[in-house]
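Here the structure comes first, spelled out in structure tokens, and everything after it is commentary.
The values are calculated or read from the model by the stated rules, or taken from the named source; none is laboratory data. Note that the structure is predicted; figures quoted are calculated from it, not measured. As a convention, Cβ positions derive from the backbone with ideal geometry for all residues, glycine included, and neighbour counts pool all protein chains shown. Only protein heavy atoms, including side chains, enter the accessible area calculation; ligands, DNA and RNA are left aside. Shrake-Rupley method; radii C 1.70, N 1.55, O 1.52, S 1.80 Å.
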Amino acid sequence: VEEEEEDTKEEEEEDRSHLRQGWGARMPQKNESKVKKNKKVIVEAIYEPPQEADADAAEGFVMLDDDQEENVEHVASLLGLQKVGWIVGQPPRETGFQFSAAEVIMAAELQLECAQGVEETPFVTVRCTVGDEGNVIVEAFQVSLQCMEMVAEEALDIGPNPGFCYVNETFTAIQEGKPSPTVENNFFLTLVPIHGYQSDMFVTQFPFANRPFDDRQQTHDEMKRQLTKSGQAGWEFIDLLSDFALLLYLCKFLDVSQDMPKICESVKDREVLLDDGYKIIISSMAGMDGSY
């Protein structure tokens, strides 16, 4: 890629208003997050920030202000977690069309942020879509270092064909020995294998935040439903409390700087017993009786 003059940008038009899209923070244990060949990144939790579909946006959605953003980062840090990916929902597309140009560029931007530059990173983009037979398809990808470098230099733009990244007129891309005004999106993508994993630290039972159309919402009644399982089928109170969505919900009612570090320490290390005072406070919030 050779730099020439000034830059211009065009907007991609692709109507995805019928599908709600967004990203989720995928969190691994810190000691598993180093980038080494054939090493795994363990995903412990997902967070969905507030968002809404927008057919006029190149990505098909817009992110909304998130009053929980600081709490998410704080609780994740207390639990020894870090962000390693985002998830995007897609409508059914023609065979071979994995990502739009807007999604490729956003993936590169997020990888650059995670790696703090054009470096190897565990950060992945996960696409969720529907197959021809109504089956759910989940695949993980990374964009190449070359893509990251081109996005960092603002060499890639969004154009009228969403299957291609358009090369900014201030740069020249050489393909097969000839200048090319576009690069097919799949050229930048690398498939990342996904393996099943059952967390030893967390459960995922409490409703997710920012899902206004779900039947179940985050409430004290839902907290009671979850925590009253304590003492049954081998569940202990701390096991049921070890739910990333529930811990974030507690941040709205407990002191984030004083209470949450002590609670998260017991979640992270089960040998550190949760203080009975916190059990009483949380049980009272949930409207439970004295047993826990």
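Out of Ala53, Ala57, Ala101, I need the residue that is touching a Phe, Trp or Tyr at 6+ places or on another chain (Cβ under 8 Å) and open to solvent by less than 30 Å² (accessible area, probe 1.4 Å). Which one?
Details: Ala53 fails: open to solvent by less than 30 Å² (accessible area, probe 1.4 Å); Ala57 fails: touching a Phe, Trp or Tyr at 6+ places or on another chain (Cβ under 8 Å).
Residue meeting the stated conditions: Ala101.
Counting only residues that are over 29 Å from Asp66 (Cα atoms), give me the strands (runs of 3 or more DSSP E) lying completely in the stretch 108-217 with at least 2 of them.
Numbers: elements: 124-130, 136-143, 156-158, 164-167, 171-175, 178-180, 182-184, 189-192.
Because the criterion is at least 2 residues that are over 29 Å from Asp66 (Cα atoms), the strands (runs of 3 or more DSSP E) in the stretch 108-217 that meet it are 164-167, 171-175, 178-180, 182-184, 189-192.
In the stretch 80-107, what residues are over 12 Å from Val126 (Cα atoms) and touching a Leu at 6+ places or on another chain (Cβ under 8 Å)?
Filtering the stretch 80-107 for residues over 12 Å from Val126 (Cα atoms) gives 80-83, 91-97, 100-102, 105-106.
Scanning the stretch 80-107 gives Pro91, Ala101, Ile105.
Can you tell me which residue within the stretch 157-192, out of those that are surrounded by 13 or more Cβ atoms within 10 Å (Cβ to Cβ) and of a type in the set (Gly, Ala, Ser), is farthest from the chain's Cα centre (by Cα)?
Ranking the qualifying residues of the stretch 157-192, first place goes to Ser180.
Any residue in the stretch 229-242 that is farther than 14 Å from Asp289 by Cα and open to solvent by 10 Å² or more (accessible area, probe 1.4 Å) sitting within a Cβ distance under 6 Å of a residue that is among the charged types (D, E, K, R) and in a loop (DSSP other than H, G, I, E, B)? List the pairs, counting only those 6 or more apart or interchain.
Short answer, once both residue conditions are applied: Trp235/Lys229.
What is the number of the single condition among (1) over 22 Å from Leu78 (Cβ atoms); (2) of a type outside the set (Ser, Thr, Tyr); (3) exposed (fewer than 15 other Cβ atoms within 10 Å of the Cβ) that Val272 does not meet?
All conditions pass for Val272, except number (1).
Of all residues being touching a helix residue (DSSP H, G or I) at 6+ places or on another chain (Cβ under 7 Å), within 14 Å of Phe99 (Cβ to Cβ) and among the β-branched types (Val, Ile, Thr) in the stretch 119-152, which is surrounded by the most Cβ atoms within 10 Å (Cβ to Cβ)? Just the residue, please.
Within the stretch 119-152, the match that is surrounded by the most Cβ atoms within 10 Å (Cβ to Cβ) is Val143.
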